[in-house]
Structures are given as C-alpha cells and as structure tokens.
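Encoded as structure tokens, the structure appears first; notes follow it.
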Amino acid sequence: MGRKRGKALIFCGMAALVCAAWAFAQEGATAQVKETIDRVLAILRDPALKGPDKEELRRKKLKDAIYPRFDFSEMAKRSLATHWRDRSQKEREEFVNLFADLLEQSYHKKLESYTDQEIIYSKEQIEDKFGLVATKIVSQKENLEIPIDYKLVRQDGQWRVYDVVVEGVSLVSNYRSQFNRIIQTSSYAELVRKMRVKQEAEALSVVPTPKR
C-alpha cells in the first residue's frame, strides 16, 4: 500500500512538473508573438471584416491586437538615437505617438495584402531580458520565403517588440537613417512637421464615405 502511494505521489509530482513546464512555455517569447500573430490573422481572414467599407473597423481591431505587443517608446527612442536625449519629456511623448501612427500607416496595407501564407516559427533566442523570435512567411503558391525576425524586450512578464527585421533589414535602422537625414539637413522640428502631415493625411483617408 505504501509503495502504491509512493508511486502515485511520484506520478503526481511528474505531472505537476510537466504542467508547470507547459505553462512556462506558453508564457515564452515565441508563444506570445504567435498569440498576437494568430489574432491578426484571424482578423484578416474574417469574412465579416472584408471590403473597403469595413476598413475603419478592421484597422481598429488590428490596432487593438498589435499595439499591446509593441514597445513603441523603445522603438521611437532607438529610431531617434542620439537625438532622443535632446528632447524634452513632452517632445518625447509627442514623438512616440507620431511614430506609432507612422508605423501603422506604413504597414497596415502590407498586412492586408496577406492571403493564406504559412507562418513558420523557426528559432527563439533569449539573453537576460532580451529575446529574438525568428519566423518565416512561406508561400507555396508564389514559391517565396520571407524571413522576419522580432526583437523583443521583457517587461512585467510580457515580451514586447522593439524592432522587426525583414529579410535582414532592420525597421528601426531604416527609420533611424531617414530621421537623422532630415534632422541633419533641416531640423527636428521639420521632422515632426512631416510626421504630422502624414498623420493628418492618413486620418482623412480613413474617414468613412457617407452612404447615399
């Protein structure tokens, strides 16, 4: 009887360890990135959200799915590089908001061009509070493989994206070059002006057309 009870306790202990390991894996970087991507794909595939007349609602749902996974403050800071330290707190807050809008404008059309490609999660690297999740978008129809790496930082148990590398090209580095060129040839104020103009133009473009 004692032996049976001992085996049962060992079995329960092993089961608890397996469950704990599974729960930990679910909280890992790849699992969290996959959760966000799955939500985005579900929105893009939803027939009820298709068509130009659903663009405003579709974009809102995509924003709700994507924004919590991205650290726009860190992305904006890295994109401004040395120019960040010269900004006041108010300027930094304004720039982060403008940067987030710019990123959304640049990539929502690309997101919506998704049809039914497969997402492969190929590698995860963790070092202290930083991580990388390597993925591939695979299209059998077009015979294409597009590598996309997500660079992440861990904050309060959540992994948040601070850079996206598409086919070896860093999003943050790309913006850093553009922003630095404008600041060097003109000024920080001119950079902000350009970003505001884009923000306003995009806001006008998504205003729903009145039905007649």
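Each residue in the stretch 116-140 was checked for being in contact with a helix residue (DSSP H, G or I) (Cβ under 6 Å, 6 or more places away or on another chain) and of a type in the set (Gly, Ala, Ser), and 1 of them qualify.
ASP149 meets each of the listed conditions (1) charged (D, E, K, R); (2) loosely packed, with under 14 Cβ neighbours inside 10 Å; (3) not in a helix (DSSP H, G or I) apart from (2). Please verify whether the stretch 129-146 includes one or more residues that are out of contact with any strand residue (DSSP E or B) (no Cβ under 7 Å at 6 or more places or on another chain) and modelled with pLDDT of 90 or more. No, that holds for no residue. Restricting attention to the stretch 54-74, the residues that are acidic (Asp, Glu) and within 22 Å of GLN155 (Cα to Cα) add up to 3. For the stretch 104-138, the candidate set comprises residues that are within 23 Å of ASP71 (Cβ to Cβ) and assigned to a loop (DSSP other than H, G, I, E, B); within that set, the residue that is nearest to the chain's Cα centre (by Cα) is LYS129.
Cβ-Cβ distances below 7 Å connect the following pairs, each with a first residue in the stretch 30-59 that is crowded, with 17+ Cβ neighbours inside 10 Å, a second residue that is of a type in the set (Asp, Glu), and a separation of six or more residues or different chains: THR30/GLU124; LEU44/GLU112.
Among the numbered conditions (1) crowded, with 18+ Cβ neighbours inside 10 Å; (2) assigned to a loop (DSSP other than H, G, I, E, B), the only one that LYS141 does not meet is (1). May I ask you to list pairs of residues, at least six apart or on different chains, whose Cβ atoms are under 7 Å apart, with the first in the stretch 80-108 being over 14 Å from VAL192 (Cα atoms) and the second being modelled with pLDDT of 95 or more and of a type outside the set (Phe, Trp, Tyr)? Close Cβ pairs (under 7 Å, with a partner that is modelled with pLDDT of 95 or more and of a type outside the set (Phe, Trp, Tyr)) amount to ALA81/ARG176; ALA81/ASN180. Beta carbons closer than 9 Å, at least 6 apart along the sequence or on distinct chains, never pair a first residue in the stretch 146-167 that is among the polar types (S, T, N, Q) with a second that is in a strand (DSSP E or B) and exposed (fewer than 15 other Cβ atoms within 10 Å of the Cβ). A single entry from SER122, SER88 fulfils the requirement of being modelled with pLDDT of 95 or more, loosely packed, with under 15 Cβ neighbours inside 10 Å and not basic (Lys, Arg): SER88.
The values are calculated or read from the model by the stated rules, or taken from the named source; none is laboratory data. No experiment lies behind these values; they were computed from the predicted model shown. Cβ sites come from the backbone with ideal geometry, for glycine too, and all protein chains shown count toward neighbours.
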